[in-house]
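The values are calculated or read from the model by the stated rules, or taken from the named source; none is laboratory data. Quick caveat, the model's predicted, so the values are computed rather than measured. In this analysis, Cβ positions are derived from the backbone assuming ideal geometry, glycine residues included, and neighbour counts consider all displayed protein chains.
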């Protein structure tokens with residue numbers, strides 16, 4: 001079973017999350033701050049990290065930044081009591097795969113954990129998807145633009161895959177939240193808009209801008225006209 005590292009300075013929160021994860025079948029490790037979390041991560045194989053943002057010694061943002069310097073693919077889920085969009089965006093920009101706001105329900109947390117782990121698991125399908133100069137090899141987990149590699153996080157890859165699979169068709173916000181984040185309940189999360197923005201920065205180039213917004217409904221990835 002996957003091993004999950006829980007990093008939070010509140011012992012009660014660590015114990016609560018750890019108990020829920022173990023009941024769900026996961027192995028767990030824990031740490032009380034970012035530095036202790038890094039020591040655990042360096043000493044043990046870890047499949048996912050759940051990290052609080054507000055911690056002494058080293059906060060969650062610093063933890064994510066440090067891990068991403070050597071491991072761009074380890075799934076990281078942030079816990080944040082901060083409600084402001086800039087704080088959430090900062091965590092995602094540094095490389096977190098998802099975030100859950102405190103206070104949270106254990107049911108929601110476990111759903112998010114399962115979704116992040118699923119996105120990080122290579123698919124067995126060998127489909128090749130493309131849109132103009134943008135190509136995705138699903139089996140190899142590779143994306144190229146004009147034959148140059150594009151580095152994507154697990155979440156960015158899954159989001160692009162969902163759009164490519166329905167090229168030239170509208171994909172609603174509800175569909176993307178369900179397929180990429182496993183969010184099947186009413187949610188006001190801005191994580192989709194944040195990741196669409198990051199994806200555009202990586203695949204929109206030299207006049208090629210395939211990801212379009214259908215205001216209030218969803219998004220569409222459009223094949224460019226043939227020259």
Restricting attention to the range 144-174, and to residues there that are in contact with a helix residue (DSSP H, G or I) (Cβ under 6 Å, 6 or more places away or on another chain) and without any contact (Cβ under 8 Å) to a residue 40 or more places away in the chain, which single residue is farthest from residue 194 (Cα to Cα)?
-> 162
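Could you please let me know if residue 83 is part of a helix (DSSP H, G or I), under 19 Å from the mean Cα position of the chain (by Cα) and modelled with pLDDT under 85?
no
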Mind checking which residues of the range 198-221 are farther than 16 Å from residue 176 by Cα and in a loop (DSSP other than H, G, I, E, B)?
-> 204, 206, 207, 209, 210
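Looking only at strands (runs of 3 or more DSSP E) that lie completely in the range 1-68, which have at least 2 residues being under 24 Å from residue 92 (Cβ atoms), assigned by TED's automatic domain parsing to the domain that holds residue 115 and out of contact with any helix residue (DSSP H, G or I) (no Cβ under 6 Å at 6 or more places or on another chain)?
48-52
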Would you check which residues across the range 110-132 are farther than 14 Å from residue 160 by Cβ and either at pLDDT 90 or above or more than 14 Å from the chain's Cα centre (by Cα) (or both) and list them?
-> 110, 113, 122, 124, 125, 126
Here the residues within the range 62-80 that are over 12 Å from the mean Cα position of the chain (by Cα) and under 17 Å from residue 40 (Cα atoms) are 62, 63, 64, 65, 66, 67, 68, 69, 70, 71
Has the range 26-48 got any residue that is touching a residue at least 24 places away in the same chain (Cβ under 8 Å), in contact with a strand residue (DSSP E or B) (Cβ under 6 Å, 6 or more places away or on another chain) and within 22 Å of residue 194 (Cβ to Cβ)?
-> yes
Considering only the range 162-206, state which residues are closer than 18 Å to residue 137 by Cα and surrounded by fewer than 21 Cβ atoms within 10 Å (Cβ to Cβ).
-> 162, 164, 165, 166, 167, 202
